[in-house]
Amino acid sequence: MNTKLSISVLSAILAAFFFSLAAAMVPYFYKAGGSVFLLLCVRYISTLALSSVLDKKPRKQKTKKINTRLVLISILQALFIASYMYSIKLIPLSLAVVVIYTFPIITFFANSLIKSRSVDVLSVIALLVSLFGIWIMVQGNSTGWNLWGVFWGLVASVAQVCVNILSRHESVEPGWGLVKYITILPSIVFLLIYFINTAEPIASVTPDMLMWSMLSAMGMSGGFYFFFSSIAKIGPVRTANVMYMEPVFTIILGVVLLGNVLGYSQWLGILIILLATVTLERWGKKYS
């Protein structure tokens, strides 16, 4: 990528990195005995608190139509996160990523249909090559398929597609104010569900659970901020394309933070994803 191109997709690259950090911490949270709703509760409340502190710009009064769009984004984003986290609980992270990362392909076709654009065959091929690269990259951990895990992964994928498309609108102003707004409702809902469904909601939380969930929350906060900034800058299709970098970053984090060792298939998968992503960006500006 040249310098200009790199700068234009920087927000998407940072979003992919932070979301990979959030996802990489989840299996360790589950190993510590944590539940899905505790994880969601900590992630959303932490993100809400951080965004509330960092949001310094006064919000203008929004119309009912604009509020409806933002509430819908909030619900769909919460559905994406909840389904993704539950999918990881049922199937290995690497397999969940393969299922969930059908969303760039679905985003491409859905956006083309909405915009009445002809389908770019080369872009479709590059997207499929990226997905194939992920499949190759995770072959070292390709056991443990569970139909419900796949189902919730697909639910997450469709929800993310809807968020991608809805977020490209003049009323959706990226920044910590948007992050704060879309995390209020999920924070309340997941907090209530966790306390209702947990016998000892406070006493059952261990230091390990809290540590891994907080690390995951840090990733989600940064991911939200840069993701919506990327949507505003380069649009839903190009953002989704670059988000194929998330599984690459997840593998790298496993090496750096957890001492994992990469095999030949993982190196090959990473190379395929990088080449496909760069190729998509070189001719993908018309989808901005």
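The values are calculated or read from the model by the stated rules, or taken from the named source; none is laboratory data. Keep in mind it's a predicted model, so treat the numbers as computed, not measured. Don't worry about glycine lacking a Cβ; one is built from the backbone with ideal geometry, like all the others, and counts go over all protein chains shown.
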Taking the criterion of being at pLDDT 90 or above, surrounded by 23 or more Cβ atoms within 10 Å (Cβ to Cβ), in a helix (DSSP H, G or I) and out of contact with any strand residue (DSSP E or B) (no Cβ under 8 Å at 6 or more places or on another chain), would at least one residue in the stretch 55-75 satisfy it?
no
Matching residues in the stretch 9-40 - criterion: being within 17 Å of the chain's Cα centre (by Cα), under 20 Å from TRP152 (Cβ atoms) and in contact (Cβ under 8 Å) with a residue 60 or more places away in the chain
PHE19, SER20, ALA22, ALA23, ALA24, MET25, VAL26, PRO27, LEU39, LEU40
Within the stretch 175-212, of all residues that are outside any helix (DSSP H, G or I) and among the small types (Gly, Ala, Ser), the one surrounded by the fewest Cβ atoms within 10 Å (Cβ to Cβ) is ALA199
